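A.B. asks: Encoded as structure tokens, here's the structure I'll be asking about.
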Amino acid sequence: MKKSKPLAPLGSLIWTLLGAMVVSLSSLRAQDNSFGRQIDSLLHLMTLEEKCGQLSQISWQGVSKLGALLTDEEQALVRQGLVGSFLNLSGAVPVAEAQRIAVKESRLHIPLLLGVDVIHGFRTIFPVPLAEASSWDPDLAERTARVAAIEASAAGIHWTFAPMVDIARDPRWGRIVEGSGEDPYLGSLMAAARVRGFQGKGLLDSTSILACAKHLAAYGGAEGGRDYNSVDISERTLREIYLPPFKAAVEAGAGSIMSSFNEISGVPSSANRFLLTDVLRGEWRFNGFVVSDWTAIEELQAHGIAANRADAGALALNAGVDLDMVSRIYQQEIPNLVRSGRVKEEVVNEAVLRVLRAKFKLGLFFHPTRGCTPERETTAVLTKDHLQTALEAARKSIVLLKNDRSVLPLSRHLKTIAVIGPLANSKSDPLGPWHCAGKPQDVATVLEGIRSHVSSESRVVYLKGCEIEGDSVARLSEAKKLAGQADAVILVLGEGENMSGEASSRSNIDLPGVQNELLKAAIEAGTPAVLVLMNGRPLTIGWAAGHVPAILETWFLGVQTGNAVADVLFGDVNPSGKLPVTFPRSLGQIPLYYNHKNTGRPFSEKEKYTSKYFDSPNTPLFPFGYGLSYTTFFYSNLTVNRPKIGMNDSVVVSVEVKNTGKLAGEEVAQLYVRDVVASVTRPVKELKAFRRVALQPGESKTISFTLNPTELTFYDLHMKRVVEPGFFKVYVGGNSVDGLETDFEFVAN
Ligand code: GLC
């Protein structure tokens, strides 16, 4: 690539060039090479400082001041071409002003790239991603991401730092709430769906926003579940567990990737050339750009692999990080590193090209504000359709964990219903962490939902009972009394919105504060009871599971929380969610996940010398894939269409599912396989397919899954992806534990 040239009077030349781009834009798709030449020419005009400016992102200072514009310092950096991107800048007016300065008042008129964390909705807040994963409905995830993009783009945002696709096996880790749980297959489908939703029909569409799959990689593998902590895993675990959702996001066309804070076995991701160049670009052919996480480049010094900021910048840039989020190292250190020969200008040029390519693909050179206006910004949000999508998503994200004696659904004609708990009438907690432009005023609380569902002769009494976190037990006796006077008691307990998400790991995952005591007090009354959980991670709820007849896992469901919870409580909706994560019985079992290895001494009740605890079963409280319904489903006739398959064959697995209850319902039938003998140890089960099936009472359906040999591959001793001859067990059922079993043989051709 050519070196940058000294400045020349450029105004008319640049506008001619940009004008040429506008002309070619209309044929962008067909003439990528022409775009390449033009961007190359623009690159040729840039000084080294301007190039490094394009690789620098700073956080907008006005984020807390509604409608604020760029500060004087921010404006100066934009005019000098020393910053090419902002995060947290949104709003039609601030965006238009910022782009005006960039395009009209800088030397090269390059538009800004503006990113925000639009994680589970912009203003219409949807269920948190872990909740949405409980729907096991990738199409739904695509639709909610699409709505989020429509609303965010109306506010001038054209890049989201989402989907978060980190696999999480440790519920102590607060960011488990932001992803799709513990399974690579479910996580991959949800990752791809969200990328499609955000990016829509194509990035030139003004309602599309650039997706950013994060945080590459294995951030969820933090030791102790402690955020930002070290990750030490094998390459096989990295490739088989943590990387698949990122690969799926890349294959779905994700335009950007975010490198993570953590190290992987000694190498921080943001300085990890193996990850960011060899795998991401070499193996996966990723052609977007990589942005670091917030000051992750600067943190290479704290990691102890960079002696100073300059070293950190050189390491990150040479590893494959294109855009520096917030640490200002690329802007302040890279020019001198290039001049001293420590960093090749070609490396800088490649990174600049990737960023400029994204701006071009978004149409920013052609239309820097992409049609955002104050009017569109207000009319595009919280529309009837968006709220309906949010209600559907919330309903499908609810998991029925227990329903003894069919306590649920409740009659809406009960004389008195007691609603107790610190989350029952919270307007803000249901939004969950990372709720972007979401507002508490938009939320239907659980109490409001219940009140809107019961009949006029029913009386709903409410008591907060205790704080989410706190030790006051002053109201527990009142709670017991209130429950005793009611025909049913609904307890709404769990975590605050800020107890999960970033920097929110917990060393204890019980119900916080004195909520368990509140629960016990209410249950002592002996009234039929329902526990509604509102939380961002699996909790150790052993006492509740043993004493409360009905339990609903609702996570954080967003603006439609109360309406969806009430729909399920009173039977307007039959719950169909399934857990995307394992619920351990105790902290001591962690990490506990379904796709574990068998070991040489697998658990045996009778045998002492096997892999188990002296004081606890190995089994979880609730397993991955688990979720009940108000009806029941029966599986039968599990068959394979052929006992043997070769490399060019596929096997069709069929099963009959019958609704054996009295209510219509939907079941998510799940298919797992086990490679019985292989050259390396294999998990006891791996999810390979699932299907949501709707059945009327008494109705049966036969569903079929087709498995190809490519879905049976794994990384062998030489880290080659292979499928080996031998038997594969097949399990099909309504969760990862119960189900029918059969097998087939894979034979080498
Ligand atoms: C945060 C998070 C990342 C987020 C970024 C910008 O530290 O780790 O997920 O996208 O900074 O807010």
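A.B. asks: Which residues, taken from region 266-287, are outside any helix (DSSP H, G or I) and surrounded by fewer than 24 Cβ atoms within 10 Å (Cβ to Cβ)?
C.D. replies: Listed by number, the residues that qualify are Gly266, Val267, Trp284, Arg285, Asn287.
A.B. asks: Tell me the residue from Ala488, Ala503 that is surrounded by fewer than 24 Cβ atoms within 10 Å (Cβ to Cβ), over 13 Å from Gly421 (Cα atoms), touching a residue at least 60 places away in the same chain (Cβ under 8 Å) and within 16 Å of the ligand (Cβ to nearest atom), please. Break it down into steps so the answer makes sense when it comes.
C.D. replies: On the way: Ala488 fails: within 16 Å of the ligand (Cβ to nearest atom).
Result: Ala503 is the single residue among Ala488, Ala503 that is surrounded by fewer than 24 Cβ atoms within 10 Å (Cβ to Cβ), over 13 Å from Gly421 (Cα atoms), touching a residue at least 60 places away in the same chain (Cβ under 8 Å) and within 16 Å of the ligand (Cβ to nearest atom).
A.B. asks: Among the residues of region 168-175, is any without any contact (Cβ under 8 Å) to a residue 60 or more places away in the chain, of a type outside the set (Asp, Glu), surrounded by 22 or more Cβ atoms within 10 Å (Cβ to Cβ) and within 16 Å of the ligand (Cβ to nearest atom)?
C.D. replies: no
A.B. asks: Pick from region 324-340 the residues that are open to solvent by less than 60 Å² (accessible area, probe 1.4 Å) and either in a loop (DSSP other than H, G, I, E, B) or polar (S, T, N, Q) (or both): which of them is nearest to the ligand (Cβ to nearest atom)?
C.D. replies: Per the stated criteria, the residue is Val326.
A.B. asks: Kindly check whether there is at least one residue in region 112-119 that is assigned to a loop (DSSP other than H, G, I, E, B) and open to solvent by 10 Å² or more (accessible area, probe 1.4 Å).
C.D. replies: The first filter runs over region 112-119 and keeps only residues assigned to a loop (DSSP other than H, G, I, E, B), leaving 112, 117-119.
Checking the rest, the ones that are also open to solvent by 10 Å² or more (accessible area, probe 1.4 Å) come to 117, 119.
Within region 112-119, one or more residues are assigned to a loop (DSSP other than H, G, I, E, B) and open to solvent by 10 Å² or more (accessible area, probe 1.4 Å).
A.B. asks: Next question. Could you list, in sequence order, the residues of region 243-253 that are over 12 Å from Leu280 (Cα atoms) and within 16 Å of the ligand (Cβ to nearest atom)? Outline the logic, then answer.
C.D. replies: Let us first name the residues in region 243-253 that are over 12 Å from Leu280 (Cα atoms), namely 245, 252-253.
The answer is Pro245, and nothing else.
A.B. asks: Consider only pairs whose beta carbons are under 8 Å apart and that are at least six residues apart or on different chains; among these, list those whose first residue lies in region 209-235 and is on the phi > 0 side of the Ramachandran plot and whose second residue is within 12 Å of the ligand (Cβ to nearest atom) and not in a loop (DSSP other than H, G, I, E, B).
C.D. replies: From region 209-235, the pairs are Ala218/Ser269.
A.B. asks: Of the residues Lys612, Lys608, which single one is of a type in the set (Lys, Arg), assigned to a loop (DSSP other than H, G, I, E, B) and over 29 Å from Leu401 (Cα atoms)? Spell out how you get there, then give the answer.
C.D. replies: Details: Lys612 fails: over 29 Å from Leu401 (Cα atoms).
None of the others qualify; the one that does is Lys608.
A.B. asks: Every residue in region 59-99 that is within 15 Å of the ligand (Cβ to nearest atom) and assigned to a loop (DSSP other than H, G, I, E, B), please.
C.D. replies: Trp60, Asn88, Leu89, Ser90
A.B. asks: Kindly indicate the residue of region 289-305 that is more than 20 Å from the chain's Cα centre (by Cα) and open to solvent by 10 Å² or more (accessible area, probe 1.4 Å) and also nearest to the ligand (Cβ to nearest atom) among those meeting that condition.
C.D. replies: Ranking the candidates gives Thr295 first.
A.B. asks: All but one of (1) more than 29 Å from the chain's Cα centre (by Cα); (2) open to solvent by 60 Å² or more (accessible area, probe 1.4 Å); (3) closer than 28 Å to Arg239 by Cβ hold for Thr710; state the number of the condition that does not hold.
C.D. replies: (1)
A.B. asks: Return a yes/no flag: does region 467-474 have any residue that is within 24 Å of Leu401 (Cβ to Cβ) and either within 32 Å of the chain's Cα centre (by Cα) or more than 16 Å from the ligand (Cβ to nearest atom) (or both).
C.D. replies: Just the residues of region 467-474 that are within 24 Å of Leu401 (Cβ to Cβ), to begin with: 468-469.
Then keep just the ones that are either within 32 Å of the chain's Cα centre (by Cα) or more than 16 Å from the ligand (Cβ to nearest atom) (or both); that gives 468-469.
Yes: one or more hits.
A.B. asks: If only one of Val673, Val652, Val680 is among the hydrophobic types (A, V, I, L, M, F, W, C), open to solvent by 10 Å² or more (accessible area, probe 1.4 Å), assigned to a strand (DSSP E or B) and outside the structural domain of Gly181 (by TED's automatic domain parsing), which one is it?
C.D. replies: Val652
A.B. asks: So if I check each of Ala248, Ala254, which one is within 20 Å of the chain's Cα centre (by Cα), assigned to a helix (DSSP H, G or I) and not aromatic (Phe, Trp, Tyr)?
C.D. replies: Values: Ala254 fails: assigned to a helix (DSSP H, G or I).
After applying the criteria, what remains is Ala248.
The values are calculated or read from the model by the stated rules, or taken from the named source; none is laboratory data. Keep in mind that this is a model prediction, so the values were computed, not measured. A quick note on method: Cβ atoms are made from the backbone with ideal geometry, for glycine too, and the neighbour counts reach across all protein chains shown. Keep in mind that these areas ignore ligands, DNA and RNA; they rest on the heavy atoms of the full protein, side chains included. Shrake-Rupley method; radii C 1.70, N 1.55, O 1.52, S 1.80 Å.
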